[in-house]
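One structure below.
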Amino acid sequence: MAELAKTYDPTATEQRWYDAWLAGGYFHADEHDPRPRFSIVIPPPNVTGILHMGHILNNTLQDILVRFHRMDGRNTLWMPGTDHAGIGTQNVLEKQLAKEGKTRHDLGREKFVERVWEWKAQYGGTILRQLKRLGASCDWARERFTMDDGLSQAVREVFVRLYEKGLIYRGQRIIHWCVRCQTALADEEAVTTDGGEPGSLWHIRYPGEHGGPGLVVATTRPETMLGDTGVAVNPDDERYRDLIGKRVILPLMQRPIPVVADPMVDKGFGTGAVKVTPAHDANDFDLGQRHNLPPLSIMTVDGTIAQAGGVYAGHDRFDARQRIVADLEAEGLLEKTEPYRVPIRRCYRCDTIVEPYLSLQWFVKMQPLAVPAIAAVHSGRLRLIPDRWTGVYLHWLENIRDWCISRQLWWGHRIPVWYCDDCGHELAARTDPDFCPTCNSARLTQDPDVLDTWFSSWLWPFSTMGWPEDTPTLRRFYPTDALVTAADIIFFWVARMVMAGYEFMGECPFQDVYLNSIVRDGQGRKMSKSLGNSPDPLDIIDRYGADAMRFTIVSIAPVGQDVRYDPDKTEFGRNFANKIWNAARFALMHLGDQIDPWAAPSEQTPTPDPRPPSSLLPDRWILSRLQATIADTRAALGAYRFNDAASLLYRFIWGELCDWYLELIKPTLYGADETAKQATRRTLATVLDQTMRLLHPFMPFVTEELWAVTAEGGRPRATLLALAPWPQLDGLQDDKAEAEIGWVVDLVTAIRSVRAEMNISPATPIPLTLAGVSADTRTRAGRWGEFLKRPARLGDITFADAPPQGSVQLLVRGETAALPLKGVVDLAAERTRLDKELSKVEADIKRVDGKLGNADFLARAPEEVVEGEREKRDEALARKAKIIEALEQLKGAE
């Protein structure tokens, strides 16, 4: 059998094994495979993207699921692909052109789109290549792109169907407009900061017409007053009852505008009177429609003031704001200015402040589509995990607004609508038309806009499988079983996919949606390039290995909680990989070349041998613990508790297997009893075999390497570990072995804790007295006495009816273990030390409580700072409890 190197080197194994998996077609799903299937689609990363820590977490979780189900005997499909990312990709190319001193208009639409395709061919697959470094086991032969021919056909089919049903329409509406990207945005693409951004509330006097009484309005956007066509008050507001129906003069523009009464007006906001700008505010547009107030657009697409803005025309919107405020003040019409938190919307792609803008756009009527998506949750057909997202999902769908799907871009799916230049007929078509069906004219002009990127993405679960064609892939693998994605696209993508699934396939596209955590830096801040706190995952993989990164990120990602990640934390995963490696090295030193695993399912014998290989207590104990770990890990993965599964594996492998079992069996392995030695070897081989299978979905590379090395002992294998059966053990629960070895573990652990708390040197042996214990415990102590002395650093082990004077008393499984420490520890000095430490930790708690009890601190401090203080408090409380426990133990020893 081959000898392992002293330390695990991921750089020597990862690419080799990934190439082997690809060459063997191990990730390929077969439509004709009759086994139960499991299918999942990747949330398509943007074609412009590069790997970041959010991708690492999301795709590791997906890969764990996929590898688990593949090993568990399912015909498994993980569909990969990328999104064309309309605005993002166009921005990348426009920046590239700017370096050449050009704009897209210099090239023209056709040439510009050609350049984008050229860029995509050269750079577009970067993120998928990076995902392979992570170990993602996608079916790469099926890779899709949201603008490939098949998906483009699906997009047209969906548009035309909805158009023909009257669910797609073109209308003049207030939309969110990005002046930087110069395109419309959907509601979900114009994002706000929780609590708003710092701004001002300006109180402006509007004089009455012909010297009559005027009023004061409050606004956060004084530049839009240039487009005011009315002022509104609440009909129940006594302050303005006499002004309703009269007119006031619009300051600076000297234009009379009416005062109207509308219940929409909040009497408590500002002065209770609001300016009405129908062309630049959605609520004002609706109010204007109710009161016949005409919309007056005073801003151009690039955010400068239009000619209708008079002397302010040509100025940038924010420059105009400053000029308008100054002019109002000069004329004595600015009553006051006060600080105000403004709910500003920004473009989700470029972070530019978005303008509400009256524009002719294409929309999808969403309410009819939302009905089955709501019912899916109520019926249990769709499950969101964690469950708290269910309310968020339902609230959005129950209050859904029509979806603006047109974008003023060149890169994307062009809207499949043509207008006849002769008769004006509007035509939506699946294929490019040659003539007008109304007047037979060949003079047709296609709508210049493209569709929102998400219009192709919402079809992803079925369009990637060949829809609208009835393909074998679609029949076999749709609907999918689960979706793993980020919570911040629950509206952009998840809810829309559910709606599309019901509308075009008649069923929900997935059963479960697991919404994974957001990855933040060690201080709790969201990772971003601007903060410089977003590490390059490939650098971390180069330094620690993909397995180390995978296991670390999953271990620190509890369900429903954000992840605080620092690259140095990956040391945890690397140490774990090395621990496994060293355990395997130890095992291989003792197994020899002819030791096969007992109870290891294989391609030839999938059912394990039910006969236990050993009657020795350590062997029975580790098999019992292994069986429980297999069952608990399966349950955790079934419930999407990935970090719990990782914790189970860590505790079993690092704790029970490496720290305890390997120590417990050393006397046997180094002893003279060949029968016992052979039984323990077979148990060790079995545990190593089963553990590699169990851990493979989490750490595929190191486990595949160890699997290969252990196969060199003569065990023929028809496959690599990636397709080996998932562990199966049954009938090995051994309560007696667990009780006895559990007693050993608990006793040693308790003694070690006392030694650590009381600063007892490892070189100093301490005596142990078992006081008033049962006959069974006396027998255990006799059996394990020599073993206990090594890890617990014990001297003599004695028995007594009661604990000796001056001893620390430990309760171990209901019985007393006493450590006589007089003469070993200066009890008075130790009490003084612990008292000082207790005072310090209590002061720390008081200081933190002062901050957390300060309402001003909670309101002003960033969320990550507040959370950091809470963590400090939890750590301090845990430390306080330990100190108090140590003091109580000392009290018993004095």
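The values are calculated or read from the model by the stated rules, or taken from the named source; none is laboratory data. Here the structure is a predicted model, which is why all the values come from computation and not from measurement. All Cβ positions, even for glycine, are placed from backbone atoms using ideal geometry, and neighbour counts span all protein chains on display. Protein only, heavy atoms only, side chains kept; ligands, DNA and RNA dropped before computing areas. Shrake-Rupley method; radii C 1.70, N 1.55, O 1.52, S 1.80 Å.
In the chain, a dipole from Cβ-located charges (positive for Lys and Arg, negative for Asp and Glu) runs towards its positive end, and of Thr629, Ala330, Gly212 it is Thr629 whose Cα lies farthest in that direction.
In the chain, Cα pairs under 8 Å separated by at least six residues give a relative contact order of 13 percent. Modelled label positions at Lys851 and Glu871, each set 7 Å beyond Cα in the direction of Cβ, lie 1.2 nm from each other. The chymotrypsin sites (Phe, Trp or Tyr not before Pro) of the range 625-696 that meet both conditions, a loop assignment by DSSP and at most 13 other Cβ atoms within 10 Å of the site Cβ, are Tyr670. Over the Cα atoms of the range 322-403, the radius of gyration divided by the Kirkwood radius equals 1.21; this is the Rg/Rh ratio. Near Val773, the amide H atoms lying under 5 Å from its own belong to Ala800; only residues 5 or more places off or on other chains count, and H is placed 1.01 Å from N.
What value, in deg cm²/dmol to 500, does the helix sum -39500 (n - 2.57) over DSSP H runs of n ≥ 4 give at 222 nm once divided by the residues of the chain?
-13000 deg cm²/dmol
Packing order of peptides 443-449, 514-520, highest average first: 514-520, 443-449 (average count of other Cβ atoms within 10 Å over each peptide's residues).
Near Phe27, once Lys and Arg are set to +1 and Asp and Glu to -1 for all other residues with Cβ below 9 Å from its Cβ, the sum equals 0. Working from Cα pairs under 8 Å separated by at least six residues, relative contact order for the range 663-774 is 15 percent. Would you work out which of Leu252, His280, Met79 lies farthest towards the positive end of the dipole of the chain, given +1 charges on the beta-carbon of Lys and Arg and -1 on that of Asp and Glu, about the Cα centre? Ranked along the dipole, the leading option is Met79. Measuring nothing but how far apart in sequence close Cα pairs (under 8 Å, 6+ apart) lie, relative to its length, the range 77-197 scores a relative contact order of 32 percent.
What shape does the range 1-143 have by the C-alpha gyration tensor, where a ≥ b ≥ c are the square roots of the eigenvalues, rounded means a/c under 1.5, and otherwise prolate means a/b greater than b/c and oblate the rest? In terms of gyration-tensor shape, prolate.
Centre-to-centre, using Cα atoms only, the range 250-293 and the range 430-462 are separated by 38 Å. Need one word for the range 737-844: rounded, prolate or oblate. Basis is the Cα gyration tensor (sqrt eigenvalues a ≥ b ≥ c); a/c below 1.5 gives rounded, then a/b vs b/c decides. Prolate, because a/c is 1.5 or more and a/b exceeds b/c. Rounded to the nearest 20, the size of the Cβ-charge dipole of the range 738-882 about its Cα centre is 420 debye, with Lys and Arg at +1 and Asp and Glu at -1. Within the same chain, aspartates and glutamates fewer than 8 places from Lys846 are excluded, and of the rest, those with a Cα less than 17 Å from its Cα are Asp835, Glu837, Glu867, Glu869, Glu871, Asp874, Glu875. Taking K and R as +1 and D and E as -1, what net charge do the other residues with C-beta under 12 Å from the C-beta of Arg161 add up to? Local net charge: 0. For mean projected area of the Cα convex hull in nm², the value computed from the atomic coordinates appears in the list (1) 37.7; (2) 44.7; (3) 47.6 under label (3).
Roughly how many Å is it from the Cα centre of the range 501-562 to that of the range 635-695, as a whole number? Distance between centres, Cα-based: 30 Å. Cross-link pairs exceeding 30 Å in C-alpha to C-alpha distance, out of Lys569/Lys789; Lys666/Lys880; Lys99/Lys569; Lys736/Lys880; Lys851/Lys882, comprise Lys569/Lys789; Lys666/Lys880; Lys99/Lys569; Lys736/Lys880. Evaluating 6.51 cos²θ - 1.76 cosθ + 1.60 at θ = phi - 60° for every residue in the range 234-248, the Karplus couplings come out as 6, x, 9, 8, 4, 5, 10, 3, 6, 8, 4, x, 8, 10, 10 Hz, glycine and proline recorded as x.
Starting with the highest mean, order 281-294, 385-398 by the number of other Cβ atoms within 10 Å, averaged over the residues of each peptide.
Going by the mean number of other Cβ atoms within 10 Å, highest first, we get 281-294, 385-398.
Around the Cα centre of the chain, unit charges on the Cβ atoms of Lys, Arg, Asp and Glu (plus for the first two, minus for the last two) sum to a dipole of about 940 debye.
Placing +1 on the Cβ of every Lys and Arg and -1 on the Cβ of every Asp and Glu, with nothing else charged, gives the range 298-385 a dipole about its Cα centre of roughly 860 debye. Per-residue 3J(HN,Hα) values for the range 428-438, derived from phi via the Karplus relation 6.51 cos²θ - 1.76 cosθ + 1.60 with θ = phi - 60°, read 9, 9, 6, 10, 4, x, 9, 8, 6, x, 8 Hz in sequence order (x marks Gly and Pro). Nonpolar atom fraction for the chain, defined as the carbon and sulfur part of the 1.4 Å probe accessible area, stands at 50 percent.
How about the range 101-209: which GluC sites (Glu not before Pro) there are in a DSSP loop, with at most 15 other Cβ atoms within 10 Å of their Cβ?
Passing sites in the range 101-209 do not exist.
Once you have a ≥ b ≥ c as the square roots of the Cα gyration tensor eigenvalues for the range 294-437, tell me rounded if a/c is under 1.5, and otherwise prolate or oblate according to whether a/b is larger than b/c. Verdict is oblate for the range 294-437. Near Arg564, the amide H atoms lying under 5 Å from its own belong to Arg520; only residues 5 or more places off or on other chains count, and H is placed 1.01 Å from N.
To make sure I understand the rule: partners must be aspartates and glutamates, Cα under 13 Å from the Cα of Lys275, and not fewer than 8 residues away in the same chain. Which ones qualify? Output for Lys275: Glu223, Asp228, Asp262, Asp266, Asp284. Candidates Cys508, Ala775, Met225 compared by Cα position along the dipole of the chain: farthest toward the positive end lies Ala775, with charges placed on Cβ. Per residue, the accessible area of the chain comes to 42 Å², computed with a 1.4 Å probe over protein heavy atoms only.
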